[in-house]
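Student: Attaching a single structure in structure tokens format; questions to follow.
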Amino acid sequence: MSDNSLPFDEKYCPSTATISSGQKRKEDWEKSIKNPQEYWSEKAKAIDWFKPFSKVLDDSNPPFYQWFPDGELNISYNALDRHMKGVRKNKLAYIWEGEMGEVKTYTYYQLYREVNKLAKVFKDYGIKKGDRIAVFLPVIPELPITLLATARVGGVHTVVFSGFSAEALADRVNDCGARILVTADGSFRRGKPVGIKDNADRALPNMPNVEKVIVVKRTGQPIQMKEGRDVWYADALASAGANAYVEPESMKSCDPLFILYTSGTTGKPKGVQHGTGGYLVWAYWTLKWAFNPTDEDIYWCVADIGWITGHTYNVYAPLSLGITAFLFEGTPDYPAQDRWWEMIERHGVSILYGTPTAVRMFMKFGEQWATKHDLSSLRLLGSVGEPINPEAWKWYYRVIGKEKLPIIDTWWQTETGGFMISPAAGIELTPLKPGSATLPLPSVNADIFDEKGQSVQPGTKGVVVIKSPWPGMLQTIWKDPERFKQTYFGKFPGLYYSGDFAIRDPDGYFWFLGRADEVLKVAGHRIGTTELESALVAHPAVSEAAVMGKEDAVKGEVPVAFVVLRSGFQPSEELRAELVKHVRVAIGPIATPEAVVFVNKLPKTRSGKIMRRLLKAVLSGAPLGDTSTIEDEGSIEDIKATYNDLRKQLSK
Ligand code: WTA
């Protein structure tokens, strides 16, 4: 790991923060691991319980852990009602800016009123505890309002990223059996309206469970409204009455709060299910530990609420902490390449939680776009979604942070609910190393294992495992507890398998090295190669497909498809374009293959499995590497010939 193992460098101890030895953080971590019951019974007091819990963790049926099992609470009460009693009532909860520059603000009180109205609408539609509500919205204020209203009536939300296709929407909505769909006519992208309801309309005939569709008017573009089923959001809220109030349901700590579909190693996305009490406690504390936001902050997490980062760090964590969050609908380089920096200056954003892909894109645009703005309101920078390479880290630190602001690189996953490994400005600022997510947060018992399940020495690459439960962990996979057990606790029995490679340095710092499985991170979006492969083979011209990630200077990686055609079909530019379009229609634009390479056959092992390692080597131009293991897979001569042949076809 020579170029990754940067020694501790005083230069990256930001001068505005007091750096201590790391002792306090270490002590806190040890306490949390030694006595999780005591640790969490204290921490859980930060949120309001309708019925206090008598037990912190029920671990009698692993891996189905139950946090605060007999406690009861409501998450919308914690995000809103409890702020009604004090000074936060009239404080801004959200400042929202749309793609076209329009700005809307909501105080906690205003948000509370809107949430109550929508909750009343849900009640009037007969939504009961445990019913699912699907959400297909762009980042507009109605999105967090819908989540909070769902939680208020005890429903379970499932947000489908608004860029997903009709097919992807229907798969997810049908898997969870949602009764209501909340969507919008459209949203704005690069200054132009794009349709959302039209996509939903294509999916609705295949979503028999959906009884009602509530439509937010965002763009005003013409859309179809089906009599009796579709209703405008504004009309629905008006019918609830201006002063609607809905008593928040008392939820058991382990009642599900949401299902969020995410990609794994099979073709079907997994419905990751999160609960109420453990998740909220984790959301609250992880944000406090990592960023320590205060009442003075304007906090901006750039993630779309369609992904976990937006769920936890645009909705539940900031609102339960009572801080002011900034939300942005749109594109980072519209109308100009300084959109972020211009907004940070105009709104006085003080915490920027961004992504490596965005940083690399801004590096490409040139630093003049950032330096022409006054960014002095910023006090903390964050990063999430993929490993941040040291060059991007240093650029972020120098150009945006003016060599003063800490970079909080948070490693975590949809499944973990919140941050797991991260610097902790809220405990004591961890000394930083460019490109490292640093150390596990309290209660995160992380280790790095080799294939055999042995903990590896510092400097050796392995896969990250978590050895004890933590409050934010997923509860199960919706309707598929077996898959939950196998996927996460089957590889090393009883331990949580993350699917991420990492190396630990001699100081115990974690350096993440990407996925160990067939999951891609394209611009931070999580996409399963098998999902892309299934989409491709569904096309009549395709007999077999293998999709691999190829390194990309901005997006981290991009999908490249190797495709074998059925007899009767010839490779052509038209077919290539058609296959790309086909994937966009099947999954959505985020899954667009960067290239489609037509090949005569795919390299296979003796047992018939596609040799992914060989394809990866072909793409990166790297040598084949260790042939001793390849030997088990087939004849070396054949493999070398295939490698050379594929390299030739790729360069065409
Ligand atoms: C990757 C996003 C390195 C990782 C929160 C993980 C990261 C996957 C980081 C989860 C980071 C996320 N450094 N890698 N700071 N943050 N990842 O479920 O591969 O969309 O497994 O959750 O993103 O992606 P997901």
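Every number in this text was worked out from the coordinates using simple rules, so none of it is lab data. Everything numeric in this text was worked out from a predicted model, so none of it was measured. In this analysis, Cβ positions are derived from the backbone assuming ideal geometry, glycine residues included, and neighbour counts consider all displayed protein chains.
Student: Please compute the alpha carbon radius of gyration of the range 248-294, then divide it by the globular-protein estimate 2.2 N^0.38 Å. Two decimals is fine.
Tutor: Rg over 2.2 N^0.38 Å, computed on Cα atoms: 1.49.
Student: Using the number of other C-beta atoms within 10 angstrom as an exposure proxy, rank Lys270, Lys117 with the fewest first.
Tutor: If I rank by nearby Cβ atoms, fewest first, I get Lys117, Lys270.
Student: At q = 0.10, 0.12, 0.25 Å⁻¹, what base-10 log of I(q)/I(0) does the Debye formula yield for the range 137-232 when every alpha carbon is treated as an equal point scatterer in vacuo?
Tutor: -0.24, -0.34, -1.55
Student: Counting Lys +1, Arg +1, Asp -1, Glu -1, what net charge surrounds Val135 among other residues with beta carbon under 11 Å of its beta carbon?
Tutor: +1
Student: List the equivalent ellipsoid semi-axes of the range 200-314 in whole Å, largest first, each obtained as the square root of 5λ for an eigenvalue λ of the Cα gyration tensor.
Tutor: 30, 22, 18
Student: Counting other C-beta atoms within 10 Å, and keeping those with at most 15, which DSSP coil GluC sites (Glu not before Pro) do you find in the range 43-113?
Tutor: Hits after loop and neighbour filter: Glu102.
Student: Sticking with this one: May I ask for log10 I(q)/I(0) of the range 333-384 at q = 0.17, 0.24, 0.30 Å⁻¹, from a Debye sum over the Cα atoms as equal point scatterers with solvent left out?
Tutor: One equal scatterer on each Cα of the range 333-384 leads to -0.48, -0.99, -1.36.
Student: If each residue's Cβ is checked for other Cβ atoms within 10 Å, how do Met548, Met100, Met343 rank with the fewest at the top?
Tutor: Listing Met548, Met100, Met343 from fewest to most nearby Cβ atoms yields Met100, Met343, Met548.
Student: A further question on this structure: Between their Cα atoms, which of Lys55/Lys252; Lys616/Lys640; Lys364/Lys555; Lys192/Lys550; Lys270/Lys467 are more than 19 Å away from each other?
Tutor: Beyond 19 Å between Cα atoms: Lys192/Lys550; Lys270/Lys467.
Student: Sticking with this one: What does the convex hull of the alpha-carbon atoms of the range 386-502 project to on average, in nm²?
Tutor: Seen from a random direction, the Cα hull of the range 386-502 projects 8.2 nm² on average.
Student: To continue, here is another question. log₁₀ I(q)/I(0) of the range 220-283 at q = 0.16, 0.26 Å⁻¹, via Debye over equal Cα point scatterers, no solvent, to two decimals?
Tutor: At q = 0.16, 0.26 Å⁻¹ the computed log10 ratios are -0.93, -1.00.
Student: Also: Which ordering of Cys176, Cys301 is given by a fewest-first count of other beta-carbon atoms within 10 Å?
Tutor: Cys176, Cys301
Student: To the nearest 20 debye, what is the magnitude of the charge dipole of the chain about its Cα centre, counting +1 on the Cβ of each Lys and Arg and -1 on the Cβ of each Asp and Glu?
Tutor: So the dipole magnitude of the chain works out to roughly 600 debye.
Student: Based on the Kirkwood radius over alpha-carbon pairs, what is the Stokes-Einstein translational diffusion coefficient of the range 265-340 at 25 °C with 0.890 mPa s viscosity, in µm²/s?
Tutor: Taking Rh from Cα pairs, D becomes 174 µm²/s.
Student: Placing +1 on the Cβ of each Lys and Arg and -1 on the Cβ of each Asp and Glu in the chain, which of Leu319, Pro356, Thr487 has its Cα farthest towards the positive end of the resulting dipole?
Tutor: Comparing the listed Cα positions along the dipole, Leu319 ranks first.
Student: So, one more: Nothing charged except the Cβ atoms of Lys and Arg (+1) and of Asp and Glu (-1): what's the magnitude of the dipole of the range 472-583 about its Cα centre? Round to the nearest 20 debye.
Tutor: So the dipole magnitude of the range 472-583 works out to roughly 280 debye.
Student: Among Gly330, Gln368, Tyr396, whose Cα sits farthest toward the positive end of the charge dipole of the range 319-400 (+1 at Cβ of Lys/Arg, -1 at Cβ of Asp/Glu, about the Cα centre)?
Tutor: Of the candidates, Tyr396 comes out farthest on the positive side.
Student: Per DSSP helix of 4 or more residues, -39500 (n - 2.57); summed, then divided by the residues of the chain. What does that give at 222 nm, rounded to the nearest 500?
Tutor: Calculated at 222 nm, the ellipticity per residue is -8500 deg cm²/dmol.
Student: Relative contact order of the range 239-306: what whole-number percent is it, with Cα pairs under 8 angstrom and at least 6 residues apart?
Tutor: Here the relative contact order equals 23 percent.
Student: Show me, bin by bin at 5 Å from 0, the whole-percent P(r) of the range 357-406 based on Cα pairs.
Tutor: Bin by bin from 0 Å, the calculated values are 5, 20, 33, 28, 12, 2.
Student: Related question: Within the range 526-580, report the trypsin sites (Lys or Arg not before Pro) that DSSP leaves as loop and that have at most 14 other Cβ atoms within 10 Å.
Tutor: When the trypsin sites (Lys or Arg not before Pro) of the range 526-580 are filtered for loop state and at most 14 Cβ neighbours within 10 Å, Arg566 remain.
Student: Then there is this: Where in the chain are the DSSP H helices whose alpha-carbon span along the long axis reaches 27 Å or more and whose Kyte-Doolittle mean is at least 0.0?
Tutor: Span-like helices, by this rule, are absent here.
Student: Right, here's the next one. Indicate, rounded to the nearest 5 percent, the antiparallel portion of the DSSP beta bridges found entirely in the chain.
Tutor: Looking only at bridges with both residues in the chain, the antiparallel portion is about 60 percent.
Student: In whole Å, what are the extents of the range 93-134 along the principal axes defined by its C-alpha atoms, from largest to smallest?
Tutor: Reported extents, whole Å, longest axis first: 37, 22, 15.
Student: Treat the chain as a sphere of radius equal to its Kirkwood radius over Cα pairs and apply Stokes-Einstein at 4 °C in a medium of 1.567 mPa s; give the translational diffusion coefficient in µm²/s, rounded to a whole number.
Tutor: Reported coefficient: 51 µm²/s.
Student: Let me ask something else about it. What are the radius of gyration and Dmax of the range 388-427, computed over its Cα atoms and given in Å?
Tutor: For the range 388-427, the Cα-based Rg and Dmax read 12.0, 34 Å.
Student: Considering only Trp470, Gln454, Ala437, whose Cα is most displaced toward the positive end of the charge dipole of the range 435-482, charges sitting on Cβ of Lys, Arg (+1) and Asp, Glu (-1)?
Tutor: Ala437
Student: Related question: Quick one: dipole size for the range 336-416, taken about the Cα centre, charges +1 on Lys/Arg Cβ and -1 on Asp/Glu Cβ, in debye to the nearest 20.
Tutor: Once rounded to the nearest 20, the dipole reads 220 debye.
Student: While we're looking at this one, here's another question. Report the chymotrypsin sites (Phe, Trp or Tyr not before Pro) located in the range 212-277 that are in a DSSP loop and have at most 16 other Cβ atoms inside 10 Å of their Cβ, or state none.
Tutor: Within the range 212-277, the qualifying chymotrypsin sites (Phe, Trp or Tyr not before Pro) (loop, at most 16 other Cβ atoms within 10 Å) are Tyr245.
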